[in-house]
1. Residues of the stretch 1-56 being in contact (Cβ under 8 Å) with a residue 60 or more places away in the chain, of a type in the set (Gly, Ala, Ser) and surrounded by 13 or more Cβ atoms within 10 Å (Cβ to Cβ), which ones?
2. What's the number of the only condition in (1) crowded, with 20+ Cβ neighbours inside 10 Å; (2) in contact (Cβ under 8 Å) with a residue 60 or more places away in the chain that residue 111 fails to meet?
3. Do any residues in the stretch 267-284 that are on the phi < 0 side of the Ramachandran plot and among the basic types (Lys, Arg) have Cβ atoms under 9 Å from those of residues that are modelled with pLDDT under 90 and not in a strand (DSSP E or B), where the two are at least six apart or on different chains, and which pairs are they?
4. Being of a type outside the set (D, E, K, R), out of contact with any Pro (no Cβ under 9 Å at 6 or more places or on another chain) and in a helix (DSSP H, G or I), is that true of even one residue in the stretch 339-346?
5. Conditions: (1) out of contact with any helix residue (DSSP H, G or I) (no Cβ under 9 Å at 6 or more places or on another chain); (2) within 22 Å of residue 313 (Cβ to Cβ). Residue 173 meets all but one. Number of the miss?
6. Please note which helices (runs of 4 or more DSSP H) are completely contained in the stretch 32-120 and include at least 3 residues that are over 19 Å from residue 329 (Cα atoms).
7. Can you name the residue in the stretch 198-252 that is under 32 Å from the mean Cα position of the chain (by Cα) and of a type in the set (Val, Ile, Thr) and, of all such residues, is farthest from residue 156 (Cα to Cα)?
8. Within the set of pairs 6 or more residues apart or between chains, which connect a residue that is among the charged types (D, E, K, R) inside the stretch 216-244 to a residue that is surrounded by fewer than 11 Cβ atoms within 10 Å (Cβ to Cβ) and assigned to a loop (DSSP other than H, G, I, E, B) with Cβ atoms less than 8 Å apart?
Amino acid sequence: MYTGKMIFSQLMSYMPMHEFRKCVNRYQGNYKVQTFSCLSQYLTMAFAQLTYRESLRDIEACLRVQQNKLYHMGIQGDVSRSTLARANENRDWRIYADFAQVLIQTARKLYADEDLGLELQDTIYALDSTTIDLCLSLFPWARFRKHKGAIKLHTLIDLRGSIPSFIKITDGKVHDVNILDELIPEPGSYYVMDRGYLDFERLYTLSQNCAFFVIRSKRNTKFRRIYSHSVDKSSGLQCDQTIVLTGVNAADDYPEKLRRIKYFDAQHNKTLVFLTNNFALSALIIAQLYKCRWQVELFFKWIKQHLRIKAFYGTSENAVKTQIWIAISVYVLVAIIKKRLKLDMSLYTILQVLSLSLFEKIPLYQALTKLYYKVEDSVSWKQLSLFDL
């Protein structure tokens, strides 16, 4: 019979504790803290994410039932909703943001060889944002419209493994295109974006840094065709052109040539026009690159459905950002475990299994692969059946 660690403890053993302590010390997270440390806060919030707790009271009730197991989970001190609320309110959210970045770097190395179905070895990013609606009276700092609050989750996804490499949380008023100023372009990488990021001055900055972009064009984009390349129209391609911009400001913002590709998506009966600064790849691969951008939409849909980032345990900006960053770190940690244990199941299935088995004392791999071992008693008891006739 297995009498080792609980599944929750085995799960958290994949945390790089040295890096976590560095993040805590960087922002003095445990300054004047007596019992409920930053690690206890993180483990409690991770438990809430993995078991889909609805509120602070819910977290408190569940953990108090398992009071004798908290020490073995790594949680020191009693967990009360007031203590957890104060921690989320006052502990710097950047502790957990920095730690999430540490996990992200680890995960990206593990998923670096993932096959995208494209003949490309370069790094491919998809940039997009999602809006999380909030009640303006409860979250007055997250102003979006006159009578509505919201925050935006701006995310740059590494398409190999759907691992977020850059995340910025802003209020709902920040336009998507401003996030391009926050990015540090990687030479040779591809950035795939929707037309909400169409700003030729910022795109020219990407091009000057030897990065490639693929972006949808707007209908009112003015240009002059220089050359047309032959295309196979049976593949859905309609044209492949070399152009220069002729708009009043666009020509100055992006003075070099661009490539314009028109593609008909028969599946959705829709015509798409792409702009890119890459002239080496085939037009069909450019269209397929943009199709891969859908992974970032699936990422947003997945975390909204399976992580607690739509209902919050606190109303302050610090509490909201703390909860989001811990949720993201849990997502990435599960992705790391999936790769290291070489599991074929989806992240959704892994989370469903974990949500019901965190207090079980069986090997983590066994729990996630349904390998059940029959344990025979060492002593054969010769007990007569009570119901023998």
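1. 9, 29, 46, 48, 55
2. Failing condition for residue 111: (1).
3. Between residues of the stretch 267-284 that are on the phi < 0 side of the Ramachandran plot and among the basic types (Lys, Arg) and residues that are modelled with pLDDT under 90 and not in a strand (DSSP E or B), there is no close pair.
4. No, the stretch 339-346 contains no residue that is of a type outside the set (D, E, K, R), out of contact with any Pro (no Cβ under 9 Å at 6 or more places or on another chain) and in a helix (DSSP H, G or I).
5. (2)
6. In the stretch 32-120, the matching helices (runs of 4 or more DSSP H) lie at 56-65, 70-73, 81-90.
7. 205
8. The qualifying pairs are 240/230.
The values are calculated or read from the model by the stated rules, or taken from the named source; none is laboratory data. Everything numeric here is computed off the predicted structure, so don't read it as measured data. We place every Cβ from the backbone using ideal geometry, glycine too, and count neighbours over all the protein chains shown.
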